[in-house]
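Encoded as structure tokens, the structure appears first; notes follow it.
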Ligand code: CKP
Ligand code: MG
């Protein structure tokens with residue numbers, strides 16, 4: 001049985017230590033919000049499946065090999081030989097600030113379609129306990145958006161819990177476009193994850209959290225960056241500060257946070273323990289280079305509890 005099903009685009013990622021125009025060497029890895037979450041969950045011992053499309057090329061092989069090596073189930077992912085795997089470029093500029101450039105228009109990843117998720121739900125065995133979707137997949141085009149709509153519909157029908165991370169990417173679409181696409185999904189969403197500035201994508205209300213809870217979302221988790229995170233539900237609000245770690249690379253921190261949050265949910269943890277795990281896994285991502293490479297396994301979850309040198 002799958003614990004968490006997610007769908008999206010994963011790209012080959014190139015990281016340089018300075019502007020690309022200066023040349024030099026680049027580190028090569030993979031990046032994609034939804035697969036970052038899947039890797040984070042797999043490292044914590046959960047069964048995570050990623051649905052996505054890669055090209056029949058070396059970047060695509062890198063993506064598939066990496067996800068397989070991390071224990072992510074690719075049973076419902078596929079290769080499209082007629083389009084290239086997308087690329088993402090991280091140019092480190094100063095301290096932890098990266099310039100991020102996508103080369104993903106027309107990519108294989110943007111060929112994701114509703115039939116891809118139908119297969120996942122049609123497979124023998126129980127439905128996934130959780131479906132995790134993000135705004136990024138919705139922004140990739142009409143068919144990927146329809147795939148998300150279909151996944152949410154099927155999850156609802158199967159009784160799976162549905163999590164939405166707004167993950168707004170202004171280089172992919174405007175706030176108005178994101179609002180038009182994401183707001184209709186809300187009646188079927190159990191758990192919303194958003195940063196403070198992303199809440200306005202979901203509602204125009206002056207008190208967005210109350211509006212979302214009134215619309216039927218069971219839990220709204222708001223990330224405040226270095227200010228920690230707050231979980232809101234009918235039971236009230238609960239805040240956790242961010243864990244104090246050296247800031248090395250913040251890309252992927254949101255996905256790491258989601259992985260911790262969903263892991264806690266899968267373990268049956270209560271809301272405070274879920275939030276504790278989320279800020280902990282988020283801190284691992286912030287303190288290490290790469291989007292997912294530094295994420296903890298189960299045994300490492302308590303690593304940050306020890307004072308340096310203690
Ligand atoms: O919100 P996060 O910083 O956790 O997301 C990072 C990911 O999928 C990164 O892996 C990148 O590939 C992306 O978001 C994206 O498409 O921007
Ligand atoms: Mg994010």
Task: For peptides 92-100, 7-15, 157-165, sequence by mean Cβ density within 10 Å, most packed first - done: 7-15, 157-165, 92-100
- [ ] Would you compute, for the Cα atoms of region 75-222, the largest minus smallest coordinate along each principal axis and list the three values in descending order, in whole Å?
- [x] 44, 41, 26
- [ ] Take 129, 289, 68 and order them by how many other Cβ atoms sit within 10 Å, fewest up front.
- [x] 68, 289, 129
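Based solely on its DSSP helices, what 222 nm [θ] is calculated for the chain when runs of n ≥ 4 H residues each add -39,500 (n - 2.57) and the sum is averaged over all residues, nearest 500 deg cm²/dmol?
Calculated from helices alone, the mean residue ellipticity at 222 nm is -10000 deg cm²/dmol.
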Task: Whether region 67-142 is rounded, prolate or oblate, judged on the alpha carbon gyration tensor where a/c under 1.5 counts as rounded - done: prolate
Open item on the list: I need to check one value: relative contact order of region 122-237, counting alpha carbon pairs closer than 8 Å and at least 6 residues apart, in percent.
Closed with: 21
Task: Rounded, prolate or oblate (a/c below 1.5 giving rounded, otherwise prolate when a/b exceeds b/c) for region 11-112 by Cα gyration tensor - done: oblate
Open item on the list: Using Cβ counts within 10 Å as a stand-in for footprinting exposure, how do 250, 17 rank, fewest first?
Closed with: 17, 250
Task: Projected label distance in nm at residue 118 and residue 105, using a 7 Å step from Cα toward the beta-carbon - done: 3.1
Task: Stokes-Einstein D (µm²/s) once Rh is taken as the Kirkwood radius of region 214-310 over alpha-carbon pairs, at 37 °C in 0.692 mPa s - done: 241
- [ ] Arrange 270, 291 by Cβ neighbour counts within 10 Å, fewest through most, would you?
- [x] 270, 291
Task: Computed P(r) (all Cα pairs; the chain; 20 Å bins; percent) - done: 35, 60, 5
- [ ] Give the relative contact order (percent, whole number) for the chain; include only Cα pairs under 8 Å separated by 6+ residues.
- [x] 15
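Read-outs throughout are calculated quantities, based only on the coordinates presented, and are distinct from any laboratory measurement. A quick note: this is a predicted structure, and the numbers were derived from the prediction, not measured. Because the Cβ atoms are built from the backbone with ideal geometry, glycine has one as well, and the counts that use them run over all protein chains shown.
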